[in-house]
Amino acid sequence: MAPLRVLVATAVPVERDAVARTFAGEGRTVIAAGVGPALAAASTATALTTAALRGGPYGLVVSAGIAGGFQPEAPVGSLVVADEITAADLGAETAEGFVPVTELGFGTVTHRPPHALVRDLVAATGARPGAVLTVSTVTGTAERAGVLRARHPRALAEAMEGFGVAEAAAAHGVPVLEIRAVSNPVGPRDRAAWRIGDALTTLTEAFGKLAPVLESWNPYDQ
């Protein structure tokens, strides 16, 4: 059996380089897809299409990088693996509150990674499984953090690319995974509290443990 070809999409080059230190190799491509769901989706879709046209399609797409963690469940320096990837603000504001596009009758707001893969990666890394939210604006107040937690009580982290990457993967019929290392708390914006270096180290270590998990993963075991 040919080895599983994996595309990893990070937001920025520093994340790409951290992942590539332990995960790059034959059949594994790590790209900096850009910041935000739209650019991440476009870049991922382009990479998937190019690979398919060249006769070497990918069998898994991974959205990876650093993220804000909801406290106290996802402390700074911890690792989160998404068991659901949700667009937190894709919908409409109404007099009764926020309504996601699914309730409006079109689209989706959530993609679910393969259960068996999430389970095995959590076991291998000690990561916390839960919902990872995709936002277009990083949370900067306690009020906004509270709103998101009330709307998404299973949320462990927020980032800006996962849902876009997942949409591109779904369009190509490819399973998706999201891995996030927590660099800062979700809430009032405080650059002094960010620990980006520590989070990148956590991310690097996680990808060092991902390869053997993928070797034993059956893509048909969802």
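The values are calculated or read from the model by the stated rules, or taken from the named source; none is laboratory data. The shown structure was predicted, so the numbers you read here are calculated from the model rather than taken from an experiment. Because the Cβ atoms are built from the backbone with ideal geometry, glycine has one as well, and the counts that use them run over all protein chains shown. The protein model used for the area step is the full one, side chains on, heavy atoms only, and it has no ligands, DNA or RNA in it. Shrake-Rupley method; radii C 1.70, N 1.55, O 1.52, S 1.80 Å.
Tell me which residues, restricted to the stretch 195-204, are aliphatic (A, V, I, L, M) and either open to solvent by less than 30 Å² (accessible area, probe 1.4 Å) or free of Cβ contacts under 8 Å to residues at least 12 places away in the same chain (or both).
ALA199, LEU200, LEU203
Checking the structure you have, find out if any residue of the stretch 167-175 is open to solvent by 70 Å² or more (accessible area, probe 1.4 Å), of a type in the set (Gly, Ala, Ser) and part of a helix (DSSP H, G or I).
Yes - at least one qualifying residue is present in the stretch 167-175.
Just need a number here: residues in the stretch 25-39 that are open to solvent by less than 20 Å² (accessible area, probe 1.4 Å) and touching a strand residue (DSSP E or B) at 6+ places or on another chain (Cβ under 6 Å).
1
Just name the residue that is nearest to LEU210 (Cα to Cα) out of those in the stretch 14-51 that are in a helix (DSSP H, G or I) and among the charged types (D, E, K, R).
My answer is ARG21.
Looking at the structure I just gave you, is GLY69 touching an Asp or Glu at 6+ places or on another chain (Cβ under 7 Å) and touching a residue at least 60 places away in the same chain (Cβ under 8 Å)?
In short, no.
Tell me the residue from PHE207, PHE163 that is closer than 30 Å to LEU53 by Cβ, surrounded by 16 or more Cβ atoms within 10 Å (Cβ to Cβ) and touching a His at 6+ places or on another chain (Cβ under 8 Å), please.
After ruling out the rest, the residue left standing is PHE163.
Looking at the stretch 176-194, is at least one residue open to solvent by 10 Å² or more (accessible area, probe 1.4 Å), among the small types (Gly, Ala, Ser) and assigned to a loop (DSSP other than H, G, I, E, B)?
No, that holds for no residue.
If we keep just the residues of the stretch 117-133 that are closer than 20 Å to ASN218 by Cβ and of a type in the set (A, V, I, L, M, F, W, C), which is most open to solvent (accessible area, probe 1.4 Å)?
ALA123
Which of the residues belonging to the stretch 196-207 are under 17 Å from the mean Cα position of the chain (by Cα) and either at pLDDT below 95 or small (Gly, Ala, Ser) (or both)?
Within the stretch 196-207, ILE196, ALA199, ALA206 meet the criteria.
With THR94, THR22, THR46 as the choices, which residue is over 17 Å from the mean Cα position of the chain (by Cα), open to solvent by 40 Å² or more (accessible area, probe 1.4 Å) and modelled with pLDDT of 95 or more?
Going through THR94, THR22, THR46 in turn, just one is over 17 Å from the mean Cα position of the chain (by Cα), open to solvent by 40 Å² or more (accessible area, probe 1.4 Å) and modelled with pLDDT of 95 or more: THR46.
Where the second residue is in a helix (DSSP H, G or I) and open to solvent by 40 Å² or more (accessible area, probe 1.4 Å) and the first is under 19 Å from ASP89 (Cα atoms) and lies in the stretch 15-42, which pairs have Cβ atoms under 7 Å and are six or more apart or on separate chains?
Listed by first residue and then by second, the contacts come to ALA41/GLU167.
Report yes if some residue within the stretch 52-72 is surrounded by fewer than 23 Cβ atoms within 10 Å (Cβ to Cβ), of a type in the set (S, T, N, Q) and in a helix (DSSP H, G or I); otherwise report no.
Checked the stretch 52-72: no residue is surrounded by fewer than 23 Cβ atoms within 10 Å (Cβ to Cβ), of a type in the set (S, T, N, Q) and in a helix (DSSP H, G or I).
Tell me, please, whether a residue that is closer than 25 Å to ALA206 by Cβ, in contact with a helix residue (DSSP H, G or I) (Cβ under 6 Å, 6 or more places away or on another chain), among the β-branched types (Val, Ile, Thr) and in contact (Cβ under 8 Å) with a residue 12 or more places away in the chain can be found in the stretch 96-118.
No, the stretch 96-118 contains no residue that is closer than 25 Å to ALA206 by Cβ, in contact with a helix residue (DSSP H, G or I) (Cβ under 6 Å, 6 or more places away or on another chain), among the β-branched types (Val, Ile, Thr) and in contact (Cβ under 8 Å) with a residue 12 or more places away in the chain.
Just one of (1) open to solvent by 20 Å² or more (accessible area, probe 1.4 Å); (2) not in a loop (DSSP other than H, G, I, E, B) trips up SER136, so point out which.
All conditions are met except number (2).
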